[in-house]
Amino acid sequence: MTEHVKVDISDGVMAITFARLEARNAITVAMYTKLAEAVESAQGNDDIRLITLRGEGQDFTAGNDLMDFMAEMPRDGSDIPVWRFLRALADNEVPILAGVQGNAVGIGTTMLLHSDLVVAERGCRFKMPFTELGLVPEAASSMIIPGFAGRRVAAKVLLLGESFGADEALSYGIASHVADEGGLDAEFDRLKSLFLSRPPQSMRLTQALLRKVDREAVKERMSLENSHFAERLTSDEVREVITAFFAARAKK
């Protein structure tokens, strides 16, 4: 399924695109491996000045492919590709620009916390349904979102899993820019051009300074979340929730 992640390097930009239209760009374990490899390969490559994240079609990504995730996820707490991808984002030293349309579910939202700029198109929806699945937050979102938006907002979007739109994402600090419906590509291209017009080493150093404040704390929180996440996967709660999810989907 690695064909479902497109990686194109051209003119100083590594463009990463989720391309699994039949599943609303839901991400599989194989896709996470390719995503991690792509981000890791940008490290130390001075020819890559910007990483972009986009989704083909109507959605950014519907998050994890649950059937694939539950089948392939190790139950012994060992390392898994999704954690490798998230760590690569946390360690990344190349500026990241993301453009979001449609739905950004689960990791579709949490990966954005590690992007430097995020353009959200009006009409898109963000959602982190971890507790609905009997799980816990990921990607250090339990630390980053309260820092961005405060504890009360974090409780709404992480404890209750409430969805929110582009303007709310902007006010929460998850998005940096909002584009009108139909205007995402133009705003995305404008920001990409601005990134590339700046001196590249200055951009890298400034990004590194911005991230230096909490990089180690972010990775420490990721590790704590991952340990709880792995434990939850073996719980009766998760098994019951996932079983009910697939049963309901089979009836449709």
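Within this structure, residue 178 fails the test of being surrounded by 15 or more Cβ atoms within 10 Å (Cβ to Cβ), part of a helix (DSSP H, G or I) and touching a helix residue (DSSP H, G or I) at 6+ places or on another chain (Cβ under 8 Å).
Results for (1) in contact (Cβ under 8 Å) with a residue 40 or more places away in the chain; (2) closer than 16 Å to residue 115 by Cβ; (3) in a loop (DSSP other than H, G, I, E, B), shown as yes or no for each residue.
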residue: 185; (1), (2), (3): yes, no, no
residue: 189; (1), (2), (3): no, no, no
residue: 195; (1), (2), (3): yes, yes, no
residue: 202; (1), (2), (3): no, no, no
residue: 206; (1), (2), (3): no, yes, no
residue: 210; (1), (2), (3): yes, yes, no
residue: 217; (1), (2), (3): yes, no, no
residue: 221; (1), (2), (3): yes, no, no
residue: 224; (1), (2), (3): no, no, no
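Against the list (1) aliphatic (A, V, I, L, M); (2) modelled with pLDDT of 95 or more; (3) over 17 Å from the mean Cα position of the chain (by Cα), the condition residue 70 fails is (2). Scanning segment 226-252 for residues that are part of a helix (DSSP H, G or I), polar (S, T, N, Q) and touching a residue at least 12 places away in the same chain (Cβ under 8 Å) returns 226, 227. Which one is surrounded by the fewest Cβ atoms within 10 Å (Cβ to Cβ), of the residues in segment 7-55 that are in a strand (DSSP E or B) and free of Cβ contacts under 8 Å to residues at least 24 places away in the same chain? Here the residue is 10. Only one entry in 65, 59, 79 is buried (at least 17 other Cβ atoms within 10 Å of the Cβ) and at pLDDT below 95, namely 65. Filtering segment 109-123 to residues that are outside any loop (DSSP other than H, G, I, E, B), touching a residue at least 60 places away in the same chain (Cβ under 8 Å), under 12 Å from the mean Cα position of the chain (by Cα) and under 14 Å from residue 55 (Cβ atoms) leaves 109, 112.
The values are calculated or read from the model by the stated rules, or taken from the named source; none is laboratory data. A quick note: this is a predicted structure, and the numbers were derived from the prediction, not measured. Cβ atoms come from the backbone with ideal geometry, glycine included; neighbour counts cover every protein chain shown.
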